[in-house]
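Novice: After the structure tokens below, expect a handful of questions from me.
What follows is calculated from the coordinates using simple rules that are stated; it is not laboratory data. It should be emphasised that the depicted structure is a prediction, and the values quoted were computed from it without experimental measurement. Heads up, the Cβs are rebuilt from the backbone with ideal geometry, glycines too, and the neighbour counts pull from every protein chain shown.
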Amino acid sequence: MVLDFLAYGFMQRALVTGTAAAVCCAMIGLYLVLKRYSLFGDALSHMAFGGIALGYFLNIYPIWTATAVSVSAAMGITKIRKSTKISGDAAVAVMLSSGLGMGVILVSASHGFTIDLFSFLFGSVLLTNVSDTLSFIAISCGIIATLVIFRKPLLHFTFDEEQAKVNGVPVEKLNYLFIALAAVTVIITMRLVGILLISALIVLPNITAMMMGKGFKKTMLISISLSVAATTLGIVLSYPLNLAPSGSIVMILVAMYVGTLLVKQMGLFSRKTIVQEIQ
């Protein structure tokens, strides 16, 4: 049969891992887009690249060093931005440049240690083993549960931090929690689409869903649906067509965005924004 390859263990693990990562990216990504932090995921992924290089340089499991570097850097930049009033886009630029520079230096200083850079840069979801799959599922469930539990304060914090403070929301603590969740989401997504394409999975489903002019809850559900659909279709099509899963996923998301944009131009979607729907 045409889809016999879906019976292979590596394909099943790829689909499960991809689905978990897609849901996390869609959920965390909506908050990032609404806070105008669309490229924050990209900056975190470049910090993760520096962490991966550090792990190989020190002979430590690179995912752990990538997580530590990404979370530490994200929280540090957040603290600096709060205390010095640096703009969000400037903070993102600092993180992106620092991570990439750190990675390049460590790679060159190692005198050519072997790293499968291609898999980290462009993803290798088809190579996910059972242990990785179980870890990704556990981490993804933790991220999703946290976002659901803190949904209301996160919503206030996303749209208006000052008003959230007035309402008693612990904005500073929530900000650090959110940044940590975003960093961990980027780390687990690296295996799916790679460092260079992570921002696409975080941003594209959400801006596509937001064009439909629905409220926050419906927008998130639409974003999750688009993200999971693109991920599943990208992985399934990549095997028989001998294409890179990461590139396939991103191009499907781009096609969804362009299609939605054309439909919106025809006036078939509400012209209200997500903010107006909530108000």
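Novice: Rank-order 242-255, 131-144 by packing density, defined as the average count of other C-beta atoms within 10 Å over each peptide's residues, highest first. Can you show the working numbers first?
Specialist: On the way: 242-255: 19.1, 131-144: 16.5.
Listed from highest to lowest mean packing, they are 242-255, 131-144.
Novice: To the nearest 500 deg cm²/dmol, what mean residue ellipticity at 222 nm is calculated for the chain from DSSP H runs of n ≥ 4 alone, each contributing -39,500 (n - 2.57), summed and divided by the residues?
Specialist: Values: 13 runs with 219 residues, N = 279.
Computed mean residue ellipticity for the chain: -26500 deg cm²/dmol.
Novice: How would you order 226-232, 7-13, 123-129, 95-101 from highest to lowest mean count of nearby Cβ atoms within 10 Å? Before the final figure, lay out the partial values.
Specialist: Numbers: 226-232: 23.1, 7-13: 13.7, 123-129: 20.1, 95-101: 18.6.
In descending order of packing, they fall as 226-232, 123-129, 95-101, 7-13.
Novice: While we're looking at this one, here's another question. Per residue of the range 33-45, what does 6.51 cos²θ - 1.76 cosθ + 1.60 with θ = phi - 60° give for ³J(HN,Hα)? Whole Hz please, x for Gly and Pro, Karplus curve as stated.
Specialist: 5, 5, 8, 6, 10, 4, 9, 5, x, 5, 5, 4, 5
Novice: Now, a different point. Kirkwood Rh and Cα-based Rg: tell me the resulting Rg over Rh for the range 117-228, rounded to two decimals.
Specialist: Details: Rg = 15.9 Å, Rh = 15.6 Å.
Reported Rg/Rh, Kirkwood definition of Rh: 1.01.
Novice: Please state the charge dipole magnitude for the chain, taken about the Cα centre, from unit charges on C-beta atoms (+1 on K and R, -1 on D and E), reported in debye and rounded to the nearest 20. Please report the intermediate quantities before stating the final value.
Specialist: Working: 18 positive and 10 negative charges, 168 e Å.
My answer is approximately 800 debye.
Novice: Compute the Kirkwood hydrodynamic radius of the chain, taking the inverse of the mean of 1/r over all pairs of distinct Cα atoms, and give it in Å to one decimal. Kindly include the intermediate steps, with their values, before the conclusion.
Specialist: Values: mean 1/r = 0.0518 Å⁻¹.
It works out to 19.3 Å.
Novice: Among LYS165/LYS214; LYS79/LYS264; LYS35/LYS264; LYS165/LYS264; LYS165/LYS217, which pairs are too far apart, with a Cα-Cα distance over 30 Å?
Specialist: Too far apart for the 30 Å limit: LYS79/LYS264; LYS165/LYS264.
Novice: Sticking with this structure for a sec: If R₀ is 35 angstrom, what is the calculated FRET efficiency for the pair ALA145 and LYS35, using the beta carbon separation as r and rounding to 0.05? Write down the numbers at each step before the final one.
Specialist: Details: r = 21 Å, r/R0 = 0.60.
Given R0 = 35 Å and the Cβ-Cβ separation, E is 0.95.
Novice: Moving on to the next point. How many nm is it between the label spots at SER97 and GLN265, if each spot is 7 Å from the Cα in line with the beta carbon?
Specialist: It is 3.6 nm.
Novice: Find how much the distance from ASN242 to LEU134 grows on full extension, using 0.36 nm per residue of separation minus their present alpha carbon separation; answer in nm with one decimal. Working shown, then result.
Specialist: Numbers: separation 108, 0.36 × 108 = 38.88 nm, distance 2.64 nm.
Length gained, ASN242 through LEU134: 36.2 nm.
Novice: Something else: State, as an integer percentage, the relative contact order of the range 9-278 based on alpha-carbon contacts under 8 Å between residues 6 or more apart. All intermediate terms of the calculation are to be shown ahead of the outcome.
Specialist: Values: 399 pairs, mean separation 79.7, N = 270.
Computed value for the range 9-278: 30 percent relative contact order.
Novice: Further question on the same structure: What's the ranking of 150-157, 193-200 by average number of surrounding C-beta atoms within 10 Å, highest first? If you can, show how the numbers build up before the last one.
Specialist: Numbers: 150-157: 17.5, 193-200: 24.9.
Ranking the peptides 150-157, 193-200 by packing returns 193-200, 150-157.
Novice: Related question: I'd like the Karplus ³J(HN,Hα) series for the range 62-78: coefficients 6.51, -1.76, 1.60, θ = phi - 60°, whole numbers in Hz, and an x wherever there's a Gly or Pro.
Specialist: x, 5, 5, 5, 5, 5, 4, 5, 5, 5, 4, 5, 4, 5, x, 5, 4
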